[in-house]
Amino acid sequence: MFSNWKRAGVKIALVLAVGIVFWWGCSGKKEMAGSGDAASKVYVAPGSYDEFYAFLSGGFSGQVAAYGLPSGRLLRVIPVFAVNPENGYGYSEETKGMFNSTHGFIPWDDSHHPELSKTDDVPDGRWLFINSNNTPRIARIDLSTFRTAEILEIPNSGGNHASPFATENTEYVVAATRFSVPIPDRDVPINSFKENFKGTLTFVKVDQTSGNMDIAFQILAPGFDYDLSHAGKGPSSGWFFFSTYNTEQAHTLLEINASQKDKDFILAVNWKKAEEYVKQGKAKDWDGEYYHNVFNESTQMAESNLKKGVKMLIPSECPGLLYLMPCPKSPHGADVDPSGEYIVGGGKLATVIPVFSFSKMQKAIEAKAFDGEVEGIPVLKYDEVIAGEVKEPGLGPLHTEFDGKGFAYTSHFVSSEIVKWKIGTWEVVDRMPAYYSIGHLMIPGGDSRQPWGKYVLAMNKITKDRYLPTGPELNQSAQLIDITGDKMKLLLDFPTVGEPHYAQGIAAELVTKHQKKIFDINENKHPHVTKSEKDARVERKGNEVRVYMTAARSHFSPDNIEGIKVGDVVYFHVTNLEQDWDIAHGFAIKGGDNAELLLMPGETLTYRWTPKKAGIYPFYCTDFCSALHQEMQGYIRVSAANANVPISFGTGK
Amino acid sequence: MKRQSRILIATASLLLIGLYFTPLWWIKLDAPQYPEGLGLYIWINQITGENPNDLQTINGLNHYIGMKHITPESIPELTLMPYIVGFLILSGLCITILNKRNWLAVWIGSFLIVLIAGLVDFYLWEYDYGHNLDPNAPIKVPGMTYQPPLIGTKQLLNMRTTSLPYIGGVLAGLSFLLGIVVWFREKRANISTKDTKNENVLVAH
């Protein structure tokens, strides 16, 4: 009997042990892609193209990363706000000017929100805009070359976060200051915040032919933090919506002090009205200096101009320009659905997702259903403008995109999930965990009138155990989810460049159709171009030496240079003579205190060099161009400052 | 000549006008790193790339094997050919208008000479480019020459080289064939009229 009990006890212990081990095993195991056919859904065969381009902001990398979806292949990192020694961007004489600002040469920034140019509120693949948050600027990338074509500084701003969202036909891109500051900036006590600190909303006009930007006008706004934004569309065309936080107007310990009110605001801007006011001459001339840097593709040179003065609209003098909609609590996203009727606020600390109705907002304005005002701006009654609330969505709702099939997808940072809900009934229909702590999400075209509602891409702030570890510093990650069915399906995740804050996606053919393969050398109007090897030469003027050099497979002309002296300032104007797709040449000199040049076919770039010591300096091609790439090299002889070595040069002599 | 024959000769002559507007020959180069291919068009008066920069690229690549630069200006035949073709067109039209059957054989004969001379000349240029190589070229493969085929495909190092008549070449061929056809028709017609004449003589007796 006893032995039976004993045997039973051993059995139970065994079962328990196995159970515990099994439980350990399970709990220790990571979540994997759920469905077996996930691999085939993201498989893009070698040599085949992805269906979509995804442009992810690089965050603190300052750049933009272009990926293919659904494969998640990194196609290219586009240098924008950070210098890029890899190709000499920000180092070559031609590109240095792109970094000019009223604070001098700025080698780094924090790039946040990519925005594709749009036609009729559908991405059109011409340009990609992106803001820099630290030193307020907007850049425009030309999608025929994937290069930064323009950088415009935003004056009277303390951190360009709610930017560069575009109107339906890219008439304007906007810039709203995240940090309120004295406008114009001046030396005041920080604790005079409420008295002296203001926000600004900047409307930047975009030329539809060249894409060139310039500041049309600014609106002086209450001293809040302006976070994100979207333009209206369809019925709400002509309006812009900005989320605000820190309406408490705290200037210290914001995590507590800016989280006191139950509701902050979504600021609605009637920009058509603003245009009218500007036309009527209601805008005041305010100070504000800003740099406008445009890369001239013809001369292949950044043109940098300091501009002065802006047109400023003061809301109290412009009735009907601004309205405040109370929004719980510290909202991040201000996202407009494809119909243009609904504006979704993503209250980071809210327990619901509020959805505002544009038509109700119009009625409330008409009926003057106001709940007081802030600095002369009417505050609309919450109940009069709300269409519905998504109840118990998750924790920390941030940002919403749409699939064009009647559903919305909201990222939730704290509960680390995407929540799918139905527009109209406001009911949650599905949830998908994010690994981990999702910030933004992106459906290609998901903020436009016509989303390509096939995938949602989660951009996650924390990566932890998702990939092979790389020490304490880990890349962030993106996560691709199939949204074609009722239930979201995780397909793929991949590491990202920098910290993507937001992304844009577009059907690939809209971008591929106007891709450039080379720069036509006949169109190259660079002042120091060398279009033929026989024109290669070295010229001295005082201590300034200019080397007019060509690169072609597999030699430089000239490749032997003598007569350079210590104390000279030497400019190597190197032209890649190739007109053959993807045949690039590089240029680097031993000891050069500069980054290399990478020259695309037909391009001229300049390497500035100040040799410090006499001797022989090899230089070579850094981009494996041909079978004899390794032979593509030369020598520069540097003589003492007082030497009598004449300038001489040649190739093959 | 019969009315039909005259029309055909006129057509044959007019077809040759196309040679001023479309290349005679097409040389296509495929290589592992050129999936999109490189191509050359040979016209009666010029050599061009299939894409705007192909000629420059091909010349650039050819310097590795020591091949001379293909510079259309240095090929005198390209200056001569438009006149020769012009002569064929005009003389063909003359034959039609003046209705000179006897000249037809001369026209076909000279056309044949132009065709053969053209092909031989083309072959010789190809031979020269393919064999007459710079002794200091970086790439020297013992026994290897780089003459492209006249018609057909040949692997030359990493380049698969295909040479084919292009629309202009086909037009020239068609024009020549039309000439031959007319010549045979006229010959037969000639014989049958002679026969009828003989019969008439017999009947008369």
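Which of A:Lys261/A:Lys422; A:Lys279/A:Lys311; A:Lys272/A:Lys311; A:Lys565/A:Lys612; A:Lys261/A:Lys391 have a Cα-Cα distance over 18 Å?
Violating the 18 Å limit, Cα to Cα: A:Lys261/A:Lys422; A:Lys261/A:Lys391.
Using only the alpha carbons, work out the radius of gyration and Dmax of the stretch A:221-375 in angstrom.
So, for the stretch A:221-375, Rg and Dmax equal 18.2, 57 Å respectively.
Give me A:Thr425, B:Thr11 ranked fewest to most by other Cβ atoms within 10 Å of their Cβ, as a rough exposure proxy.
Listed from fewest to most nearby Cβ atoms, that is A:Thr425, B:Thr11.
About the Cα centre of chain B, what is the dipole size in debye to 20, counting +1 per Lys and Arg Cβ and -1 per Asp and Glu Cβ, all else neutral?
The calculated dipole for chain B is roughly 1100 debye.
Average the reciprocal distances over every distinct pair of alpha-carbons in the stretch A:523-633, invert the result, and give the Kirkwood radius in Å.
14.0
List the DSSP H helices in chain B whose Cα atoms stretch 15 Å or more along the helix axis and whose mean Kyte-Doolittle hydropathy is at least -1.0. Can you show the working numbers first?
Working: long enough: B:3-15 (18 Å, 0.71); B:77-98 (30 Å, 1.95); B:101-131 (45 Å, 0.77); B:167-204 (55 Å, 0.46).
Length and hydropathy pass: B:3-15, B:77-98, B:101-131, B:167-204.
Summing +1 for each Lys or Arg and -1 for each Asp or Glu, what net charge is found among the other residues whose Cβ lies under 14 Å from the Cβ of B:Leu164? Please list the in-between numbers first.
On the way: positive: B:Lys28, B:Lys154, B:Arg160; negative: B:Asp30, B:Glu50, B:Glu126.
Local net charge: 0.
If the reach is capped at under 19 angstrom between alpha carbons, list the lysines near B:Lys187, excluding any in the same chain fewer than eight residues apart.
The qualifying lysines are B:Lys2, B:Lys100, B:Lys197.
May I ask for the net charge around A:Pro618, where only other residues with Cβ less than 12 Å from the Cβ of A:Pro618 are counted and Lys, Arg are +1 while Asp, Glu are -1?
+1
In whole Hz and in residue order, list the ³J(HN,Hα) couplings for the stretch A:94-105 that follow from phi through the Karplus curve 6.51 cos²θ - 1.76 cosθ + 1.60, θ = phi - 60°; x for Gly and Pro.
Running phi through 6.51 cos²θ - 1.76 cosθ + 1.60 with θ = phi - 60° gives 6, 9, 3, x, 5, 9, 5, 8, 5, 9, x, 6 Hz.
Can you sort A:Ser101, A:Ser163 so the residue with the fewest Cβ neighbours within 10 Å comes first?
Numbers: A:Ser101 20, A:Ser163 32.
Ascending Cβ contact count within 10 Å gives the list A:Ser101, A:Ser163.
Please sort by residue number the chymotrypsin sites (Phe, Trp or Tyr not before Pro) in the stretch A:574-653 whose DSSP state is loop and whose Cβ has at most 13 other Cβ atoms within 10 Å.
Within the stretch A:574-653, the qualifying chymotrypsin sites (Phe, Trp or Tyr not before Pro) (loop, at most 13 other Cβ atoms within 10 Å) are A:Phe624.
Taking the Cα atoms of the stretch A:332-373, report the difference between the largest and smallest coordinate on each principal axis, in whole Å and largest first.
Taking max minus min along each principal axis of the Cα atoms, the stretch A:332-373 gives 30, 27, 14 Å.
Pop out the Kirkwood hydrodynamic radius of the stretch B:94-178 from its pairwise C-alpha distances, inverse of mean 1/r, in Å to one decimal.
Hydrodynamic radius (Kirkwood, Cα only) of the stretch B:94-178 equals 15.8 Å.
Expressed in whole Å with the largest first, what are the equivalent ellipsoid semi-axes of the protein assembly as shown derived from the C-alpha gyration tensor as the square root of 5 times each eigenvalue?
Over the Cα atoms of the protein assembly as shown, the ellipsoid semi-axes are 65, 37, 33 Å.
Can you give the direction-averaged projected area of the convex hull of the alpha-carbon atoms in the stretch A:134-186, in nm²?
Answer in nm², one decimal: 4.3.
Mind checking which lysines have their C-alpha under 27 Å from B:Lys154, skipping anything on the same chain fewer than 8 residues away?
B:Lys28, B:Lys68, B:Lys140
Could you line up A:Ser111, B:Ser74, A:Ser437, B:Ser13 from fewest to most neighbouring Cβ atoms inside 10 Å?
B:Ser74, A:Ser437, B:Ser13, A:Ser111
At 222 nm, what helix-only mean residue ellipticity would the protein assembly as shown give, in deg cm²/dmol to the nearest 500, using -39500 (n - 2.57) for each DSSP H run of four or more?
Values: 13 runs with 179 residues, N = 858.
The helix-only estimate for the protein assembly as shown comes to -6500 deg cm²/dmol at 222 nm.
What share of all Cα pairs of the stretch B:1-133, in percent, falls into each consecutive 10 Å distance bin?
It works out to 11, 35, 26, 17, 9, 2, in whole percents.
In the stretch A:335-429, which GluC sites (Glu not before Pro) are in a loop and have at most 13 other Cβ atoms within 10 Å, using DSSP for the loop call? Let's see the in-between values first.
On the way: sites: A:Glu341, A:Glu366, A:Glu373, A:Glu375, A:Glu384, A:Glu389, A:Glu401, A:Glu417, A:Glu427; in loops: A:Glu341, A:Glu375, A:Glu427.
Sites meeting the loop and neighbour criteria: A:Glu427.
Could you please report the charge total around A:Leu598, scoring K, R as +1 and D, E as -1 over all other residues with beta-carbon less than 10 angstrom from its beta-carbon? Provide the component values of the computation, followed by the final result.
Numbers: positive: none; negative: A:Glu86, A:Glu596, A:Glu603, A:Asp623.
Summing Lys/Arg as +1 and Asp/Glu as -1 gives -4.
Cα to Cα, under 22 Å, and not fewer than 8 places away if on the same chain: which lysines meet these conditions relative to A:Lys525?
A:Lys96, A:Lys516, A:Lys517, A:Lys534
Checking a compactness column here: for the stretch A:421-548, what do you get for Rg(Cα) / (2.2 N^0.38 Å), N being the number of residues?
Details: Rg = 24.5 Å, N = 128, 2.2 N^0.38 = 13.9 Å.
Dividing the Cα Rg of the stretch A:421-548 by 2.2 N^0.38 Å gives 1.76.
Which of A:Gly36, A:Phe242, A:Thr484 sits farthest toward the positive end of the charge dipole of chain A, with +1 on the Cβ of Lys and Arg and -1 on the Cβ of Asp and Glu?
Farthest towards the positive end: A:Gly36.
Can you give the alpha-carbon Rg of the stretch A:61-512 over 2.2 N^0.38 Å, where N counts its residues?
So the stretch A:61-512 has a normalised radius of gyration of 0.92.
Of A:Gly591, A:Leu395, A:Leu322, which is farthest on the positive side of the dipole of chain A, counting Cα position, with +1 on Lys and Arg Cβ, -1 on Asp and Glu Cβ, and the Cα centre as origin?
My answer, from the dipole projection, is A:Gly591.
Bear in mind these aren't lab numbers, they're just calculated from the coordinates by the rules spelled out. What you see is a predicted model; the values in this text were computed from it and never measured. As a convention, Cβ positions derive from the backbone with ideal geometry for all residues, glycine included, and neighbour counts pool all protein chains shown.
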